[in-house]
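Student: This is the structure I want to talk about, given as structure tokens.
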Amino acid sequence: MKFSSKVDIFGFGKAKKWTLLADYLDPTLMRNKIALDLSEIIGLEPTMAHRHVEVWVDGNYRGMYLLTEKIEEDKNRVNINTNNGDFLLETVVAGENEAGNIYFTAASGQKFRLREPEPDTQEEITVAVSAVKAKVDGFESVISSGSWDKIAASLDVDSFVSYYVLNEYMKTYDLGWPKSVYFHCKGGKYYAGPGWDFDYSSGN
């Protein structure tokens, strides 16, 4: 949901955009909350601030949701600078092709949605996708090389370890597709996270 001006909800900090997660596949409504709590405990940065809320619209009860910060470029959310070449990616399944989204396929065959930056014109999109794809292909090449020195220099290993622990503990089904898995590049280094979308996990 998007407000006309920045608002501070539950002391999470001011922002226009917020997310209401329906936990559609999770009848307990607990898995996303538990996963994000665990993400905070193990120090995976960033972790979106979150809290269960009951939603009413025009006096009508609409159910229980998990309110979270939106995953986006912001110093208090995903602290990247797209003006300096940083970016935010989400993995998607091969067949996804929703209008208005920007996609590309890496050399490995994995399809990504470009979340940040958000270029406007077709020319800007072409330039952004070309630059981001080249970096992702480079990161994949480094991983495939098996060289620890290259991997440690190109990836934030701690974030990948924390991300693996989080998803291993939660038995995250989407990680196997992979779908709804986020990565971001900051200062030329590749980071895993933030963690997201755990309603299809933990034996569900």
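The values are calculated or read from the model by the stated rules, or taken from the named source; none is laboratory data. Just so you know, these numbers come straight off a predicted model, no measurement behind them. As a convention, Cβ positions derive from the backbone with ideal geometry for all residues, glycine included, and neighbour counts pool all protein chains shown. The protein model used for the area step is the full one, side chains on, heavy atoms only, and it has no ligands, DNA or RNA in it. Shrake-Rupley method; radii C 1.70, N 1.55, O 1.52, S 1.80 Å.
Student: From the list (i) 1.03; (ii) 0.97; (iii) 1.07, can you say which value of Rg/Rh (Cα atoms, Kirkwood Rh) was derived from the structure given?
Tutor: (ii)
Student: Using a 1.4 Å probe on the protein heavy atoms, what percent of the accessible area of the chain belongs to carbon and sulfur?
Tutor: Ligands and nucleic acids excluded, carbon and sulfur give 51 percent.
Student: Something else: Report the extension gain between VAL161 and GLN122 in nm, rounded to one decimal, defined as 0.36 nm multiplied by the number of residues separating them, less their alpha carbon distance.
Tutor: Stretched out fully, the VAL161 to GLN122 stretch lengthens by 10.4 nm.
Student: Ordering TRP177, TRP196 by accessible area with a probe of 1.4 Å, largest first, what comes out?
Tutor: Solvent-accessible surface, decreasing: TRP177, TRP196.
Student: Multiply the residue separation of THR105 and THR19 by 0.36 nm, subtract the distance between their alpha-carbon atoms, and state the gained length in nm to one decimal.
Tutor: Contour length minus Cα-Cα distance gives 28.3 nm.
Student: Can you give the accessible area of MET30, probe radius 1.4 Å, in Å² rounded to 10?
Tutor: 100 Å²
Student: For the pair SER145 and ASN84, how long in nm is the line joining their label points, each one 7 Å along Cα→Cβ?
Tutor: Spacing of the two 7 Å Cα→Cβ label points: 2.3 nm.
Student: Would you be so kind as to identify which of GLY138, LEU38, TYR163 lies farthest towards the positive end of the dipole of the chain, taking Lys and Arg as +1 and Asp and Glu as -1 on Cβ and the Cα centre as origin?
Tutor: Positive-end residue among those listed: LEU38.
Student: Sort out for me the Cα centre separation of region 97-152 from region 1-39, rounded to whole Å.
Tutor: That distance is 27 Å.
Student: About the Cα centre, and with charges only on the beta carbon of Lys, Arg (+1) and Asp, Glu (-1), how big is the dipole of region 37-121? Nearest 20 debye, please.
Tutor: Rounded to the nearest 20 debye, it is 160 debye.
Student: Roughly how many Å² is the accessible area per residue of region 79-181, as a whole number, for a 1.4 Å probe?
Tutor: Averaged over the residues of region 79-181, the accessible area is 56 Å².
Student: Continuing with this model, one more query. Restricting to Cα pairs below 8 Å that are 6+ residues apart, what does the relative contact order work out to for the chain? Please round to a whole percent.
Tutor: For the chain, the relative contact order is 23 percent.
Student: For SER162, what accessible area in Å² do you get when you roll a 1.4 Å probe over the heavy atoms of the protein chains, rounding to the nearest 10?
Tutor: 20 Å²
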